[in-house]
Every structure is written in C-alpha cells, then in structure tokens.
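Notes for the one structure printed next.
The values are calculated or read from the model by the stated rules, or taken from the named source; none is laboratory data. The model shown is predicted, which means the values in this text are computed figures rather than measured ones. Virtual Cβ from ideal backbone geometry, glycine too; neighbours counted across all protein chains shown.
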Amino acid sequence: MRLTRVFNFMAFKENLSVFFNVRGFAVYARIRVGRRTRRIKVIFDEPYLNPQLGEYDMETREPRFTCKESDVRGLARGDTVDVHGKTFDVLAVEPDGTGIAIVRLAC
C-alpha cells in the first residue's frame, strides 16, 4: 500500500500597492500597449552612467521604472511610456518573480 502525503501551503500574497504610493516615491506613468493606454504607479529612476570605451568616456542615462508585474502584462519592446512629461520606448520588461518588474526604457 502506498501512502501519499499532501501538503497544504498557504499562498503568500503581499499588498504591493503600499510600495507604489504616489505620496511617497511613486509617480504616475502612462503606458501604451498597442492602441490601449492606461495609467499605472511606478518608481522611476534615471541613473547617470559613464562607461568607458577605450580612452573615450560615454556619458549616458539608463531610464527605468519599477512597478507591479500585473500592471505591465502585455507591455513589450517597442511600446511607449510617458513619465514626467517625457516619452520613452520600452526596451525590456524584467519580472523578478516576486510580483515586481523592472521596465528598461530608451529615450
């Protein structure tokens, strides 16, 4: 006789809305997926980078935002995002497996 053990694990769900509060660090972004537009809360970052190519310095920025993964379902390379009055092209959507995603942008 074979015994089967059944485990009941409680699914852990975090309320991510707390992290994306516009009274804190978050801002609103407008994303366009195809013809559809929607507004989501994001934490926007545009760090300055100074990589070197041989003896040349290349000054650049790497715009990106962090958001709930569920807010950017369907968002893909080539779609556009408006943040702080600027329009960016989406380069990549990188979910981290915890319900949060980083969206890399290009000017």
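Here are the numbers:
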read-out: Residue within region 37-49 that is exposed (fewer than 10 other Cβ atoms within 10 Å of the Cβ) and on the phi > 0 side of the Ramachandran plot present; value: no
read-out: Residues satisfying the stated conditions in region 89-107, i.e. of a type outside the set (A, V, I, L, M) and either in contact with a Phe, Trp or Tyr (Cβ under 7 Å, 6 or more places away or on another chain) or in a strand (DSSP E or B) (or both); value: Asp89, Glu94, Pro95, Arg104, Cys107
read-out: Residues located in region 74-89, provided they are without any contact (Cβ under 8 Å) to a residue 40 or more places away in the chain and surrounded by 12 or more Cβ atoms within 10 Å (Cβ to Cβ); value: Lys86, Thr87, Phe88, Asp89
read-out: Within region 89-105, considering residues that are among the β-branched types (Val, Ile, Thr) and modelled with pLDDT of 95 or more, the one farthest from the chain's Cα centre (by Cα); value: Val90
read-out: Subset of region 54-73 (residues that are crowded, with 17+ Cβ neighbours inside 10 Å and farther than 18 Å from Arg38 by Cα); value: Pro63
read-out: Residue count, region 1-28 (criterion: assigned to a loop (DSSP other than H, G, I, E, B), of a type in the set (Val, Ile, Thr) and either at pLDDT 70 or above or surrounded by 10 or more Cβ atoms within 10 Å (Cβ to Cβ) (or both)); value: 1
